Every structure is written in C-alpha cells, then in structure tokens.
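To start, the structure under review is shown below, and the notes come after it.
The values are calculated or read from the model by the stated rules, or taken from the named source; none is laboratory data. The structure presented is a predicted model; accordingly, all values stated were derived computationally and were not measured. Neighbour counts are summed over all protein chains in view; Cβ atoms, including those assigned to glycine, are modelled from backbone coordinates with ideal geometry. Accessible surface areas use protein heavy atoms only, side chains included; no ligands, DNA or RNA. Shrake-Rupley method; radii C 1.70, N 1.55, O 1.52, S 1.80 Å.
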Amino acid sequence: MVMTTVTEASGVRVRDICKSFPVPDAPATRRMALGGISFSIAAAELVSLVGPSGCGKSTLLRLVAGLDLPDSGDLLVGKEKIVGPSAERGLVFQDPNLFPWLTVRGNIEAGLVARGVLREKRNEVGEFMRLVGLEAFANAYPHHLSGGMAQRVALARALINHPKVLLLDEPLGALDAFTRMRMQDEVLRLWENRRTTMLLVTHDIDEAIYMSDRIVIMTQAPGRIDREIDIDLPRPRDRTGDSFLRFRGEILEHLHFAGKAAA
Amino acid sequence: MNANTAPTPDPPSLPWWMQLAVPGASLITFGTHLLIAQKAPPVETRSYMLLFWEIIVVSIVLAIAQRFRPALRKWMRHMWPIFTAAILLLGVWDVITVGLHLLPLPYFPGPAAVLRNLISDRELLFDSTWHSLVLLLSGYILGVIVGLVSGVCIGWSSSVRYWGMPLLKVLGPIPATAWIPIAMVVSPSAIMSSAGLIALAVWFPVTMLTASGISNTRASYLDVARTLGARRLYLIFRVAIPAAVPNIFIGLFMGLGASFLTLVVAESVGVKSGLGWYVSWAQGWAEYGKVFAAIIIMAAFFSTVMTLLFKLRDRVLVWQKGTIKW
C-alpha cells in the first residue's frame, strides 16, 4: 500500500500536445510533427509507442524527457508539470551514448556526480553494476564493450538516479536478434523489480507485444494517436503463442491502414 | 614477461646480423672517417673515436643482454635498423663534406668537427638550452592557459563567439614574429616580450581547436547528461571539455610547433640568451661547427618536448586507445 502512494506520483499524462519544427529550406514555414496528442501512462505501467518512421515518436519522447518544449498542451508527471529535463525522467537512446572518456563505473556514477550526491550514494554504484551484470567490467572503457553490454551500462546509468519514469528510445534497435531478445528479458526484469514507469519507443512490433502492458499506435504527418491496445497476456509471454500472433496481426493491420491513410 | 606465455612465439635471441648491425655500422663509419682523415688536414678526432668506441661497447653489451630480457629484445628489434641507418648516415655526411668536398667549407663541417664543438662549447650550450627551456615553457604555458579559457568561452557561449570569433580570425593568422618590433617597444624586458610572443603564437591554435571541439560536442551527450540531472557546470567541465580533449591536443601540438619557431626567432633578434641567440652568435663568428652543434641540441630538445606532450596525450586519452591513430 505504501508502494502505491509512492508510485501514484510517477504516472505520466500527456494532454493535447502539439509540436512543430521549422522547415530547413523554407524558414517561414513550420512542419507539424505532433498534432494534438493525448494519452496517459499509469504509475509502474510499461507502454510502447509504435508507428511508421517519422510519426513523431522520438519527438514525443524528447518532450516527456523535457529536452524540448511543446508548442501547446500539457505534460505532467504525477501532478507536476514538465518544464525541463530532470533526473526524475531517465532516458536511454538507441545509441548507448556512453561518455567514452569515463569507465563503466564512471558512466554509471555520472548521474550521482551530476546531482552532487556521489559521496552519500557511492555504495549504490556496485549494486547497479551487479544489477546489469557488469561488475567485471567496472574499469573498462566503453569502446571495449559490445553493443549489448554498452546498452546495459546505459540502462544502469539511467536507473541509478531512481527515476520515476524511464524513457526508452529504441534502446535495443541496434542489437542483433539474439542479444535483443535477451535484453528484452533483462529490461523486463529491471522493470518488474523496480516498478519504474516505462515508455518504450520501438519499431519492432514483437518487442512491443512481448514487453508492454499497452501499445499506443501512432499515425504520421502530423503524429496523432491512432489506437491503444491493451496486451493482457501473462508474463513471461510466448512469442509464438496464438494470442501473441493475434495481437501481431491486429497491430500490423493497423499500421498498414495508418500508412495508407497518410499516403 | 615470460616468453613462454607470450601470444606470439618469440625466439630467444635476435638474429646474428641484427646483433652485429650497430657495431658493424660503427666500424664502417669510423673506418671511412680514418681513410678520409688521412687526406684531409689533420683535425682532432679523439672525441669522435671515443663516441664510436662507446657505441660499439654498449651495443655489444646489449646484444648479450637481450638474450635474457625479452622486453629489451623487443625494443632492439624495433630500434636497431634506425640506429644502424643513423650511424651510416654519419659516414655519408663525412664523405660528402670532408671526403669529397661536395659542400663548401666552412659552412658544412664534418661530423667530427661538429662533435668537437659540441663538447668544447658544452657549458654555453647547456646554459643556452636552459634559458630556451625556461622561455619556451613560460610562454607556452601562458598561451595554453589563456587559449583554453578563451576557447571554452567561445565554444560554449554563442554571444562570446559572436564577438570573439572575428577577433580570433583577424589576429590569429598573423605570425607572432611579426609583432616583434612592437613587442620590444611595449614590454619592459626582452624576455617578457618574447614570452608574450610565444604565448600569442600558442594561443591561436589552442583557442581555435578548443572552441571547435567544445561547440562540436555531440548533442546527445549533453542531452543524456541533462536527463541525469546535470547543471551547466557539469555540462561544461564534465561533458563538453572531456569531449573536446582530442581536439584540444591537436591545438596543443600545433601550438608547440609555433612556439618553437617563435622561440628561435625571438631569441635571435631580441633576447641575448638561448639556442636561437647561440646560432646567430656562432654565425656572426663564422663558426659553423657551433651552428650545427646548436641545431643538433635543438633537434634533441624540441623532439624531447614533443615526445613528452605525446606521452601526456597517451595518458589523458587512454580512453581513446585503439580508436584513433596519429
């Protein structure tokens, strides 16, 4: 019960978000990237955003991270409005973006150093390295790591601040199929034992069905929400089960339809 | 350092011809010298002979020691061809100058004469090197500090860039030595004005490369840092500056080259000490042996300083190891 009061503050609400960007060739005109998006993520829920490329998934994620500000509309975490980036909302990109000049340990510590709390929380660094299974690589530099290892460091780096919300922008997109499936389980494990609210942007429909509580399908130009689908399958999910494939068919059909409507 | 566990099988000794290369080359070069010296006017060559005796003895000792020291063997395998070539080049120099008189004397003395000058004038040469070192370091360090500060400011803040960049673009390309007449009038002492000129020569490349490194920091590094709770000081000192360090080192190397040039010119026209002054002084007395002696010292001095900077780079940029080569 204590858990729920804590996590209630970590739900995300997106209300009527519009975002446009200047067109590079014609500075006077602006291209609408997001045209009035509304949805919400309950505390400790894992929601995936899928949609054709260019539909504004990453733009939306950056807005929730606070790295960009919307033209209009409201973004809230709990009851607080998002006005800029914060350690409360961790972000992991497709490229792990590890700081190459820091070791694995240095990268994981970065959030504590940035907030000036390294001294008090140093003991957590080892805990997070264990959590992602990288104790043996504490002193390695990022260029020595494989793609999967680097992404695990990026996850640990984002999680060490105990963010209320973890934003994942195609975090497994650059990995090979086997590493990718293993990492999906790993992210699920982290999510299950930390109960962090997660918003996952992905191209991979199987990944979305395998991992999420709910899938939000977007259409492109300008980005709008087409449909939300609850994935009410028990975990761990069977990637070849009938109901899994039924969800897959449904979403594919939707994306196809979405693609036609935009064209 | 056990040869048995080394990844590639390492033979227990260098091949015999490699062991004999350096002493052999020494014998050839010194033998050539003796042949030439019979025809040429008698010069004092005891120091030259001693040099070769030392090289021969040391190389024989090393040839024996390498059987027991794999690390030494590896180093010798790498360096011996270069040493051999260098010793043979001394012989070629001897033949061209003293032997065949292909180059006019007294402007091109032979290696034995240069060595004699190197030894006889060692006190003044040492003193000059010391003065050059002090002047170089004070100018270089000043230029680097100012260059780093201005480079970070120009690279980070767009308003500083607006005002700073034109200034940099107009003043930077002027060779620092062009300011010598003005520097001499403005500054109370020649040493200070020379240090200032060296600093100016260093300042330009360091500022330019630092600024471009800072402003080209990958935006995603800054984004990640922001979502980790970073404020401006963290973004500048722990993201932008580390990301710019490879660029900064290019600026440091370019600045070092510029500082050598400025040092030598400034010393030969203004300051009455240092290697640059020594060269022009020896030229005034037509002592070309001393000119070459000073040039040899400069080569050793400047390349040592350059090597130290490379070592510093390798330490600082250890995280880049294997990703770049230059």
Excluding residues fewer than 8 positions from A:LYS81 in its own chain, the lysines with Cα under 25 Å of it are A:LYS19, A:LYS57, A:LYS164
Using helices alone, what [θ] at 222 nm do you get for the protein assembly as shown, with -39,500 (n - 2.57) per DSSP H run of 4 or more residues, divided over all residues and rounded to the nearest 500?
-19500 deg cm²/dmol
Keeping the other protein chains in place, figure out the carbon and sulfur percent of the accessible area of the stretch B:3-117, with a 1.4 Å probe.
75
Tell me the accessible surface of B:SER120 in square angstrom (1.4 angstrom probe, heavy atoms of protein chains only), to the nearest ten.
80
What is the mean number of Cβ atoms from other protein chains located within 10 Å of the Cβ atom of each residue in peptide B:231-240, rounded to a whole number?
2
Percentage relative contact order, the stretch B:3-117, counting C-alpha pairs under 8 Å, at least six apart
39
Beyond 33 Å, how much of the Cα-Cα pair distribution for chain B remains, as a whole percent?
48
Solvent exposure, largest accessible area first (probe 1.4 Å, DNA, RNA and ligands not counted), of B:SER159, B:SER259:
B:SER159, B:SER259
Report Rg (one decimal) and Dmax (nearest whole number) for the stretch A:5-64, counting Cα atoms only, units Å.
14.4, 50
Quick check: the distance between the Cα centres of the stretch B:44-69 and the stretch B:100-178, to the nearest angstrom?
35
What do you get for the angle between helix B:241-269 and the principal long axis of chain B? Use alpha-carbon atoms, 0 to 90 degrees, nearest ten.
50
For the stretch B:122-320, which whole percent of the accessible surface, found with a 1.4 angstrom probe, sits on carbon and sulfur atoms?
72
Above 41 Å lies some portion of the pair distances; for the protein assembly as shown, what is it as a whole percent of all C-alpha pairs?
49
Take B:TRP53, B:TRP319, B:TRP93 and sort them by solvent-accessible surface of the protein heavy atoms, 1.4 Å probe, largest at the top.
B:TRP53, B:TRP93, B:TRP319
Can you return the lysines within cross-link range of B:LYS272? Criterion is Cα-Cα under 29 Å, with same-chain partners fewer than 8 residues away left out.
B:LYS290
What does the charge count near A:ARG180 come to, summing +1 for each Lys or Arg and -1 for each Asp or Glu among other residues with Cβ under 9 Å from its Cβ?
-2
Whole-number accessible area per residue in Å² for the stretch A:2-262, which is evaluated in the context of all protein chains at 1.4 Å
44
Among A:GLY35, A:GLY241, A:GLY126: highest mean-square fluctuation, GNM of chain A, C-alpha pairs under 10 Å
A:GLY241
Listed by chain and number, the residues whose amide H is under 5 Å from that of A:GLY36, excluding neighbours fewer than 5 places away on the same chain and using placed H, are A:ILE17, A:CYS18, A:LYS19
Semi-axes of the equivalent ellipsoid for chain A, please: Cα gyration tensor eigenvalues, times 5, square-rooted, ordered largest first, whole Å.
29, 23, 19
Taking each pair of different alpha-carbon atoms in the stretch B:255-314 once, compute 1/r for the pair, average those values, and report the inverse of that mean as the Kirkwood hydrodynamic radius in Å to one decimal.
12.2
Need the list of aspartates and glutamates near B:LYS74 for cross-linking: C-alpha distance under 17 angstrom, and skip anything on the same chain fewer than eight residues off.
B:ASP10
From other protein chains only, count the Cβ atoms within 10 Å of every residue's Cβ in A:111-119, then give the mean.
4
Need one value: the accessible area of A:ILE205 in square angstrom, 1.4 angstrom probe, rounded to the nearest 10.
30
On the protein heavy atoms, probe 1.4 angstrom, tell me the percent of accessible surface of the stretch A:65-143 carried by carbon and sulfur.
48
With every protein chain left in place and a probe of 1.4 Å, what is the accessible surface of A:THR240, to the nearest 10 Å²?
100
Normalise the Cα radius of gyration of the stretch B:3-117 by 2.2 N^0.38 Å (N = residues in it) and let me know the number.
1.30
For chain B: relative contact order, % (alpha-carbon pairs under 8 angstrom, 6 or more apart):
18
Taking R0 as 25 Å, what FRET efficiency do you get between A:ALA136 and B:SER220 from their Cβ-Cβ distance, rounded to the nearest 0.05?
0.40
With every protein chain kept in place and a 1.4 Å probe, the residues A:LYS57, B:LYS74 fall, from largest accessible area down, as B:LYS74, A:LYS57
Note on the protein assembly as shown, DSSP bridge orientation, antiparallel percent to nearest 5 equals 55
Between chains A and B, total accessible area buried, probe 1.4 Å, no ligands or nucleic acids, nearest 100 Å², roughly 2000
Per residue, how large is the accessible surface of the stretch B:3-117? Use a 1.4 angstrom probe and give square angstrom.
62
The stretch B:122-320 accessible area per residue, 1.4 Å probe, protein heavy atoms, integer Å², reads 49
